[in-house]
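For reference, the structure is listed below as structure tokens.
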Amino acid sequence: MMGVSANDAAISTGFFAANDFAAERRRPGASGRAAAQSTQLAAQSIERFEREIAFRELLLEEIVHRTKNTLQLAVAILGEQADSANDPWIRHVMRGVQKQILTLCQTHDHFNRSAEPGRRSLGFRVAAISSSIRDSFGKRADQIELGFNVAEILLERHQEVCLSLILQELLTNAFKHAFPCGRQGAIMVELGIDDLAVCHLAVRDDGIGRTFRSPASVGLVLVEAFASGLQGEVAITSDKGTTVEVSFPLSQSSVVGNVAI
């Protein structure tokens with residue numbers, strides 16, 4: 001009787017195993033059990049992802065809440081320090097910082113009040129942030145007209161944050177310095193894109209103008225830093241007032257229309 005080689009044995013083993021597997025698949029209910037197992041695994045994965053999303057949403061909500069509380073606490077502390085300061089200049093500086101943090105707190109609220117995630121329209125936010133800054137100057141801003149010509153652009157989240165902070169600094173600087181001694185005037189906020197998909201934010205005033213001998217303010221340094229984060233540039237002109245324009249490339253955004261307020 002001829003012997004069986006190792007290769008023949010392996011082939012035979014594999015052949016019978018394949019036949020056994022095929023037979024198992026042909027048994028009644030085998031495919032149903034496999035489908036049920038796959039469905040169970042998918043359900044477990046979905047449940048795990050849902051728990052992870054819920055945890056992250058809770059964590060984000062806590063961070064937003066704590067950030068808001070911290071900003072409000074800073075505003076309150078600065079107010080107390082300003083009230084107790086004997087030096088009028090120190091009191092003035094503290095009030096100025098308090099206003100800036102209060103505006104930042106309001107900007108933070110504007111961002112986190114919207115339920116729409118990701119990309120969002122900027123037109124309403126520009127008007128809301130600008131009006132909030134104007135209100136922070138009280139009666140001093142009554143003689144200043146505020147206007148808008150804003151394209152409804154959908155921005156990425158980080159672009160919107162940087163642009164809003166730039167707008168805050170530019171408007172604060174214009175209200176503070178462009179119209180001394182109760183002078184009347186106007187500030188125009190313009191936002192649009194050109195044919196090369198470059199976004200332009202311009203804040204124009206018809207105030208006393210800016211001399212280029214003046215040292216760069218802290219606000220301007222911040223504007224340049226935020227513009228750099230957008231891979232953008234800052235241009236300043238002083239002709240019958242001051243115009244500061246920030247330009248940066250706009251990636252994967254679309255223009256819906258223009259809003260003139």
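Every read-out reported here was derived from the displayed coordinates using simple, explicitly stated rules and does not represent laboratory data. Worth saying up front: this structure is predicted, and the values here are computed from it rather than measured. Cβ: placed from backbone, ideal geometry, glycine included. Neighbour counts: every protein chain shown.
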**OP:** Could you line up Val221, Val93 from fewest to most neighbouring Cβ atoms inside 10 Å?
**Re:** Val221, Val93
Subject >> Pairwise label distance in nanometres, Ser131 with Glu233, each label 7 Å out on the Cα-Cβ vector >> reply: 3.5 nm
Original post:
Computed over the Cα atoms of the stretch 120-261, what is the ratio Rg over Rh, Rh following Kirkwood?
Top reply: 0.95
**OP:** Give me the distance in nm between label points sitting 7 Å out from Cα along the Cα-to-Cβ direction at Glu62 and Arg157, one decimal.
**Re:** 1.8 nm
**OP:** Please order Phe137, Phe55 by the number of other Cβ within 10 Å, starting at the fewest.
**Re:** Phe55, Phe137
Original post:
If each residue's Cβ is checked for other Cβ atoms within 10 Å, how do Val234, Val150 rank with the fewest at the top?
Top reply: Val234, Val150
